[in-house]
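Everything on this sheet refers to the single structure shown next.
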Amino acid sequence: MGALVGLLLATAVPSTAQAPCAANCEQAWVSVTYVSSTQLGVSLSLSDGNGSALRYAIDGNFTPFVEGLPVNASTRSSILNTLNQTENSPFLAGFFGNRDGHVDAGEVTQFSALLKQEARLLPSASFLNPSFLLLRLDGALPLTSSLGGFGFPGAVGVDSSSAPVDIDLNLTDTFPGNGSSASDHPHTIGLGWTTPVGFGLVLDPTVGFTATTPAGTAITGTTGLTGGSVTNDPWGWASSSATGTFAPATSGNVTVSFHDAFPLGEVLLGLSAAIAVAAVAALLLLRRRRRRRPTPAAPASTPTG
């Protein structure tokens, strides 16, 4: 039951965002980075518009947090009992806050470590559950999903503060791979999702999306994004990115296609070098011709007397 602490964050992401706040105060982001032909780096972020319940949990008091979960009273009681037992464990007690009514940076670090520790007991596929969010690389599903860590920017403060708290989750997905590097042939990054009942209402209206490809590549197109835009390096040297949004209230897919960029910068450098060499060669040739040109004969002298 200790793994319940790790599950708690994933379960509470939608429920904490339901705390009263101005319209559309919650916003979620998904950022995907192509690491290699077998790996994608993923960052998931959600802004909790009213961070009080989460601050209480980080400070060690999980009651307000659990009471906000969309579950029945019996389940809430069971969760709290499990958390109390976990807090009393000599191996995990040091990860819990001191319940002094204020969250400090050390407690944020402790809470993140607690979640990471407990999340090791979860199947790797739990973080990107196929019923909700799933990545593909060149059409292949991930073999494993490794947790990098949790972050809670903005959490430091008084427990009762309703100031927003960001919830960040970093993952690395590993894929079978096809033995080809990013520049060998066209590649695709795919993100598919099936929204659980009620979850789309929390994240409505949009989820932000960003995909970043390696240096020397160019994104050729995207699908499934609203307001999508692509930024490619015109010289063909730097990385490229695609941004846009998608609606979480419906199921769908986003794809980003990219391949080796045309090396315009290298071509121009090569042309510049060739022109410089040609100019130097022409100058040297001109000087040689001038040196070889025969000296005009002196005019014959006219006899005198």
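The values are calculated or read from the model by the stated rules, or taken from the named source; none is laboratory data. Since the structure is predicted, the reported quantities are computational estimates derived from the model, not experimental observations. Every residue, glycine as well, gets a Cβ built from its backbone with ideal geometry; the counts of neighbours run over all protein chains shown. Protein only, heavy atoms only, side chains kept; ligands, DNA and RNA dropped before computing areas. Shrake-Rupley method; radii C 1.70, N 1.55, O 1.52, S 1.80 Å.
Fully extending the segment from THR63 to GLN39 would add 4.8 nm, taking 0.36 nm per residue of separation and subtracting the current Cα-Cα distance.
Residues within the reach of a label modelled at ASN253 (point 7 angstrom out along Cα to beta-carbon, backbone nitrogen below 19 Å), restricted to the range 39-58, are 40. Site pair HIS102 and LYS116 shows an inter-label distance of 2.6 nm when each label is modelled 7 Å from Cα along Cα→Cβ.
Solvent exposure of ARG136, expressed as accessible area, is near 90 Å², computed with a probe of 1.4 Å over the protein chains only. With 0.36 nm allotted per residue and the present C-alpha distance subtracted, the ASP138-THR194 stretch has 18.2 nm of extension available. Solvent exposure of ASP138, expressed as accessible area, is near 50 Å², computed with a probe of 1.4 Å over the protein chains only.
With r defined as the distance between the Cβ atoms of ASP166 and VAL71 and R0 fixed at 35 Å, what FRET efficiency is calculated, to the nearest 0.05?
After rounding to 0.05, the efficiency reads 0.90.
Per-residue packing, averaged as other Cβ atoms within 10 Å, sorts the ranges 232-238, 32-38 into the order 32-38, 232-238, beginning with the highest.
Between ALA238 and VAL158, the simple spin-label model (points 7 angstrom out along Cα→Cβ) gives 4.4 nm.
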